[in-house]
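Reviewing the structure listed below.
The values are calculated or read from the model by the stated rules, or taken from the named source; none is laboratory data. Worth saying up front: this structure is predicted, and the values here are computed from it rather than measured. Every residue, glycine among them, receives a Cβ derived from its backbone with ideal geometry; neighbour counts consider all protein chains shown.
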């Protein structure tokens with residue numbers, strides 16, 4: 001009499017991780033909140049305080065801010081902002097745009113405005129930055145695009161977003177303004193296409209000023 005004992009049933013599925021969720025299993029809109037928060041950190045983070053110091057809107061009196069006020073800066077001061085702009089914001093937005101390209105045009109338009117806001121700020125702060133090849137699968141070292149080229153691309157992106165919203169119902173415009181303009185979750189009155197146009201112009205204004213440049217001082 002021959003008896004065989006096996007333990008295959010006991011080990012079945014032991015290496016399967018129930019928490020290992022793939023991107024394909026996540027809905028596109030689930031990436032939006034993280035991208036919005038990342039954009040907020042870019043807009044009001046450490047580099048904005050440094051910019052305020054250097055444009056004399058703030059004054060550093062002690063510790064690190066005294067040193068920064070004297071224009072003593074290292075690359076470590078900006079590392080977190082670069083990470084947030086490209087990892088926390090741009091890569092998440094590109095995922096949304098890919099997943100919602102056919103099914104949710106209003107969501108794509110929302111991400112285009114946030115993208116223009118984030119990348120426009122980065123170009124304003126640093127000048128030449130990676131953009132045309134940034135957040136592209138297979139490209140580990142994207143090229144640095146000229147500041148003017150980045151601003152021109154973002155203007156086109158905003159125009160595309162506006163075209164999308166002009167073709168949507170007013171209720172969808174309300175959703176856009178509530179979620180993108182960061183009003184602390186409070187309820188907002190209905191928004192019109194004119195309101196969205198004003199918001200778009202607000203983002204475009206600093207880009208236009210940078211492209212125009214500062215007037216040369218007169219030598220007397």
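Only one entry of 80, 124, 91 meets the criterion of being in a helix (DSSP H, G or I), under 11 Å from the mean Cα position of the chain (by Cα), touching a residue at least 12 places away in the same chain (Cβ under 8 Å) and surrounded by fewer than 19 Cβ atoms within 10 Å (Cβ to Cβ), and that entry is 91. For segment 85-104, a residue qualifies if it is at pLDDT 95 or above and farther than 16 Å from residue 23 by Cβ, and the qualifying residues are 85, 86, 89.
Each row is one residue, and each column tells you yes or no for (1) in a loop (DSSP other than H, G, I, E, B); (2) farther than 28 Å from residue 167 by Cβ; (3) without any contact (Cβ under 8 Å) to a residue 40 or more places away in the chain; (4) in contact with a strand residue (DSSP E or B) (Cβ under 8 Å, 6 or more places away or on another chain).
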site	(1), (2), (3), (4)
20	yes, yes, yes, no
33	no, no, yes, no
39	no, no, no, no
58	yes, yes, yes, no
67	no, yes, yes, no
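Please verify whether residue 47 is outside any loop (DSSP other than H, G, I, E, B), modelled with pLDDT of 90 or more, touching a helix residue (DSSP H, G or I) at 6+ places or on another chain (Cβ under 8 Å) and over 30 Å from residue 103 (Cα atoms), treating the condition exactly as stated. When the stated conditions are applied, residue 47 passes them.
Of all the listed residues (37, 53, 66), the sole one being over 26 Å from residue 128 (Cβ atoms), in contact with a helix residue (DSSP H, G or I) (Cβ under 9 Å, 6 or more places away or on another chain) and at pLDDT 85 or above is 37.
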